[in-house]
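Written out below as structure tokens is the structure these notes cover.
The numbers here are math on the coordinates, done by the rules we state, and not lab data. These numbers come from a predicted model, not from an experiment. Cβ placement follows ideal geometry from the backbone for every residue including glycine, while neighbour counts extend to all protein chains displayed.
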């Protein structure tokens, strides 16, 4: 178990279920989710040390050690709903918890009802590193993070959600009935935490009907000033994006990750022909290029309008990454010949 483990969920699951979990309960579920391998065909019993789990959650007092069984017991009682077409699925998160006395070990198993939303995912799924949510203080911030994360790669770069719909997703409709309180306690708090602790941040615009705020437009951005940027994984929103990931990987001979392929795809604004053209050009400039991914992202970004004219790629002779001097070899030859004559 590690903070770099990936949490994987289907986008449909993120956007179509509402549940009310405490912050600690969410961290237990997400820690457990990070131990699931998306290629698994079935959920396994996931075993971990309670001490390690407490460390991940930042729990230092020993009294919490005895409280964790109480937390997991309450967690098993938490039934939530998933809306799927005309069906409403009522289910619990975990199907069982086992504590081995004297070992400090605990075994948890996800409810099999969750298989379609966490296992064998091939398209429209979101991944992120566990580290993004573990230090959050608000119970609503992890949910807002997931909702925005799974919409980050939409072309328009934003998502618009009705205030009432967002309240329902967060199970906050009965807690913060006044928009001013909902904004202050939920939205602004999440905005602060995401900026400080995760790989994304957001700005938002209030959309009014008359004088009442009825919708929020979230502009989702990569958090380039946060170390968690390096911990981001991948969110695939559309089938065609996912197909192009494999296509870009096949174009490049180098081994690249899905995230790197997605970054190249986004920089080229989906222009696969441009990526092919720039990669061909890079072959003539291969020696100086150590980071082909970074080079391609820059190349397709700068040259999107006119790739032929805006960038001139040519082979550069280098030794130990220093460009060689240019010489007039004819003049040099003549000088050497004169020296030879004088030497005679």
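With the convex hull drawn over the C-alpha atoms of segment 137-226, the volume per residue is 88 Å³.
Using Cα pairs under 8 angstrom and six or more residues apart, how large is the relative contact order of segment 1-134, in percent?
On the way: 200 pairs, mean separation 56.4, N = 134.
About 42 percent, as a whole number.
Using the reciprocal of the averaged 1/r over all distinct C-alpha pairs, how large is the Kirkwood radius of segment 76-212 in Å? Walk me through the intermediate numbers first.
Details: mean 1/r = 0.0567 Å⁻¹.
One decimal place: 17.6 Å for the Kirkwood radius.
Note on segment 2-140: Kirkwood hydrodynamic radius from all Cα pairs is 15.7 Å, rounded to one decimal. Exposure proxy shown here: for 194, 121, the number of other Cβ atoms within 10 Å sets the order, fewest to most, as 121, 194.
The ranking of 93, 295 from fewest to most other beta carbons within 10 Å of each one's beta carbon is 295, 93.
Given R₀ = 41 Å, FRET efficiency for residue 203-residue 44 by Cβ-Cβ distance, to 0.05? Don't skip to the answer; put the middle values down first.
Numbers: r = 41 Å, r/R0 = 0.99.
The calculated FRET efficiency here is 0.50.
Computing FRET efficiency as 1/(1 + (r/R0)^6) for residue 276 and residue 180, where r is the C-beta to C-beta distance and R0 is 35 Å, gives about 0.10. Relative to the current alpha-carbon distance between residue 259 and residue 113, full extension at 0.36 nm per residue lengthens the span by 49.7 nm.
Rank the residues 4, 152 as a footprinting-exposure proxy: fewest other Cβ atoms within 10 Å of their Cβ go first.
Working: 4 11, 152 20.
The fewest-first ordering by Cβ neighbours comes to 4, 152.
When ranked by the protection proxy of mean other Cβ atoms within 10 Å per residue, highest first, what sequence do the peptides 201-208, 106-113 form?
Values: 201-208: 15.0, 106-113: 17.1.
Top of the packing list down: 106-113, 201-208.
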